[in-house]
Amino acid sequence: MREKIWAGRFSKPTEEAMERFSHSLHFDQKLFEYDISVNQAWAQALTEVGVYTPEEAERVVAALADIRSDFIAGALSPSPSDEDIHSANERWLTERLGDLGARIHTGRSRNDQVATDVRLYLLDHLEQLLAALRASLASIVELAKNHVDTVMPGYTHLRQAQPISFAHYMMSLFFQLQRDRERLAQTRTRCSVMPLGAGALAGAAFAVDRHALAQRLGFSAPAENSLDATSDRDLICETVYDCSQIMLHLSRAAEDWIIWSSEGYRFIALDEAYTTGSSMMPQKKNPDSLELIRGKTGRVIGDLVALLTMMKGIPTAYVRDLQEDKEPLFDSVEQTRGSLLIFSGVVATLQVDPQAMRQALDPMLYATDMADYLVQRGMPFRQAHAVVGEAVRLAETRRLSLSQLALQDLQQLSPLFASDVATLFDPLGSLNKRNIYGGTGVESVRRQIETALAFLSKAK
Ligand code: ARG
């Protein structure tokens with residue numbers, strides 16, 4: 001068996017259990033492609049300092065390309081001495097090119113190498129998350145467009161509060177996810193800084209042009225400080241936070257829809273393609289897609305907590321604890337992307353029942369409008385609130401709905417009530433009192449949709 005890349009100062013082999021314990025190849029092989037690119041760029045940079053001639057660097061680059069295709073074809077297998085993907089790539093290169101392979105690690109440490117690989121992973125995967133998020137945003141607006149005048153009970157504390165349109169609800173989700181998209185885009189910009197050349201902590205003693213190297217790898221700049229570059233995992237934490245925030249938004253919507261698709265509501269129905277049955281109860285059509293999104297949210301938040309906890313007590317510069325950053329990162333990126341794909345499918349196929357929503361409207365929903373009515377006739381709001389409160393109590397004791405109280409009963413509470421009070425109990429009328437910017441009125445929601453479409457046309 002080939003010796004470990006760091007075996008020189010050791011007089012005995014690593015305990016087998018320790019070897020297994022410290023291996024990361026089974027998960028960090030996700031960095032394989034990025035590690036090849038980093039090696040190729042580094043080989044070219046090493047021509048500047050005379051470690052390789054340009055021809056030698058070309059041979060190294062070509063051998064790395066072969067390793068890439070062989071690995072993808074499944075023709076390369078790791079050995080137990082390969083601690084991680086970086087050692088495996090170096091071994092495969094050295095087996096092919098001998099000395100030329102053995103020179104690749106000049107001036108470099110796995111500390112700057114792994115940090116650079118992960119940045120490339122992030123740049124790639126943030127792009128995928130941005131695309132998945134855009135697809136969800138587009139399906140939300142498509143659905144909202146058809147429901148600006150679909151009135152449903154708006155809830156606070158899960159109790160009927162005021163009428164809103166279903167489109168207004170959907171657009172509330174749009175703006176949550178739009179912020180998530182902006183956050184991801186900002187993370188991506190910050191990611192475009194290259195750690196490579198930082199060495200183990202102090203900077204490489206071979207003065208390669210890090211600006212040119214950054215450009216070759218698609219970064220916008222090299223990191224300013226080598227200690228920071230090898231020490232920091234901010235962008236991993238930040239990405240996992242971004243994922244947690246997305247999942248949290250999806251999870252709350254999932255909860256709404258699980259409730260609204262249940263027998264007590266039936267406002268919406270999930271397409272069969274996104275539900276599952278029960279092995280025992282033949283009638284069941286369960287909202288597993290949404291439940292899984294809600295469940296996975298806990299897992300992604302767990303990834304974030306694991307990362308922050310791992311980071312909080314470690315000293316500056318590389319420590320092996322940092323190897324534990326990858327599984328939570330990969331997990332949350334994959335789970336979030338998967339959840340977004342399912343979520344946009346659920347939205348695109350969601351069946352909405354405007355009739356059921358309308359039937360569920362309890363006339364008590366117009367109590368605020370009734371208080372506003374009194375205000376418009378000169379009563380201070382606090383007093384109007386109390387008067388309508390009494391009307392509500394009266395209706396409840398008589399087991400009537402608010403709209404069924406006789407005008408005389410209302411007039412006993414305030415002489416300001418007139419026969420036009422009956423016009424208050426109109427769903428669309430209530431909505432359209434709220435065409436204030438950002439409100440649930442039909443015009444206001446149309447404006448929100450226009451803003452959303454303008455955002456989407458820019459956010460390609
Ligand atoms: N597998 C390691 C990681 O993911 C790579 C860096 C190893 N560096 C070291 N000094 N042991 O963090």
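The values are calculated or read from the model by the stated rules, or taken from the named source; none is laboratory data. All values derive from a computational prediction rather than experimental measurement. Neighbour counts are summed over all protein chains in view; Cβ atoms, including those assigned to glycine, are modelled from backbone coordinates with ideal geometry.
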Residue that is surrounded by the fewest Cβ atoms within 10 Å (Cβ to Cβ), among those in region 74-108 that are assigned to a helix (DSSP H, G or I) and charged (D, E, K, R) | 99
Where a residue in region 108-128 is of a type in the set (Asp, Glu) and its partner, wherever it lies, is within 13 Å of the ligand (Cβ to nearest atom), with Cβ under 7 Å and at least six apart | 112/195; 112/198; 112/199; 112/230; 117/31; 117/34; 117/35; 117/38
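Restricting attention to region 109-146, and to residues there that are of a type in the set (Gly, Ala, Ser) and within 16 Å of the ligand (Cβ to nearest atom), which single residue is surrounded by the most Cβ atoms within 10 Å (Cβ to Cβ)? Explain how you work it out, then say what you get.
Pass one, region 109-146, residues of a type in the set (Gly, Ala, Ser): 109, 115, 131-132, 135-136, 138-139, 144.
Okay, now just the ones that are also within 16 Å of the ligand (Cβ to nearest atom), so 109, 115.
Details: 109: 19, 115: 26.
Here the residue is 115.
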Only one of these is touching an Asp or Glu at 6+ places or on another chain (Cβ under 8 Å) and either hydrophobic (A, V, I, L, M, F, W, C) or within 30 Å of residue 153 (Cα to Cα) (or both): 214, 229, 253, 223. Name it.
-> 229
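Listed here are the residues, each with its yes/no results for (1) farther than 17 Å from residue 110 by Cβ; (2) at pLDDT 95 or above; (3) in contact with a Ser or Thr (Cβ under 8 Å, 6 or more places away or on another chain).
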position	(1), (2), (3)
9	no, no, no
42	no, yes, no
59	yes, yes, no
69	yes, yes, no
73	yes, yes, no
99	yes, yes, no
Check region 46-60 and report whether any residue there is over 40 Å from the mean Cα position of the chain (by Cα), within 16 Å of the ligand (Cβ to nearest atom) and hydrophobic (A, V, I, L, M, F, W, C).
-> no
Sort out which residues of region 307-330 are more than 15 Å from the ligand (Cβ to nearest atom) and part of a helix (DSSP H, G or I), and write them in order of number.
-> 308, 309, 312
Counted residues, region 26-84 - those being touching an Asp or Glu at 6+ places or on another chain (Cβ under 7 Å), free of Cβ contacts under 8 Å to residues at least 24 places away in the same chain and among the charged types (D, E, K, R) | 0
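Can residue 304 be described as touching a residue at least 40 places away in the same chain (Cβ under 8 Å) and surrounded by fewer than 20 Cβ atoms within 10 Å (Cβ to Cβ)?
No; evaluated as a whole, the condition is false for this residue.
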Which of the residues spanning region 307-323 are surrounded by 14 or more Cβ atoms within 10 Å (Cβ to Cβ) and without any contact (Cβ under 8 Å) to a residue 60 or more places away in the chain?
-> 310, 314
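Restricting to region 419-460, and then to whatever is of a type in the set (Ser, Thr, Tyr) and farther than 14 Å from residue 147 by Cα, can you tell me which residue is farthest from the chain's Cα centre (by Cα)?
Among those residues, the one meeting the criterion is 419.
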Scanning for something without any contact (Cβ under 8 Å) to a residue 60 or more places away in the chain and closer than 30 Å to residue 323 by Cβ, does region 249-269 turn up at least one residue?
-> yes
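Residue-by-condition table, conditions (1) more than 15 Å from residue 103 (Cα to Cα); (2) surrounded by 17 or more Cβ atoms within 10 Å (Cβ to Cβ); (3) small (Gly, Ala, Ser):
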{"position": "3", "(1), (2), (3)": "yes, no, no"}
{"position": "13", "(1), (2), (3)": "yes, no, no"}
{"position": "27", "(1), (2), (3)": "yes, no, no"}
{"position": "37", "(1), (2), (3)": "yes, yes, yes"}
{"position": "46", "(1), (2), (3)": "no, yes, no"}
{"position": "56", "(1), (2), (3)": "no, yes, no"}
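Just to check your reading of the model, which residue among 82, 70, 66 is of a type outside the set (Gly, Ala, Ser) and within 16 Å of the ligand (Cβ to nearest atom)? Steps first, please.
Values: 70 fails: within 16 Å of the ligand (Cβ to nearest atom); 66 fails: within 16 Å of the ligand (Cβ to nearest atom).
Among 82, 70, 66, only 82 is of a type outside the set (Gly, Ala, Ser) and within 16 Å of the ligand (Cβ to nearest atom).
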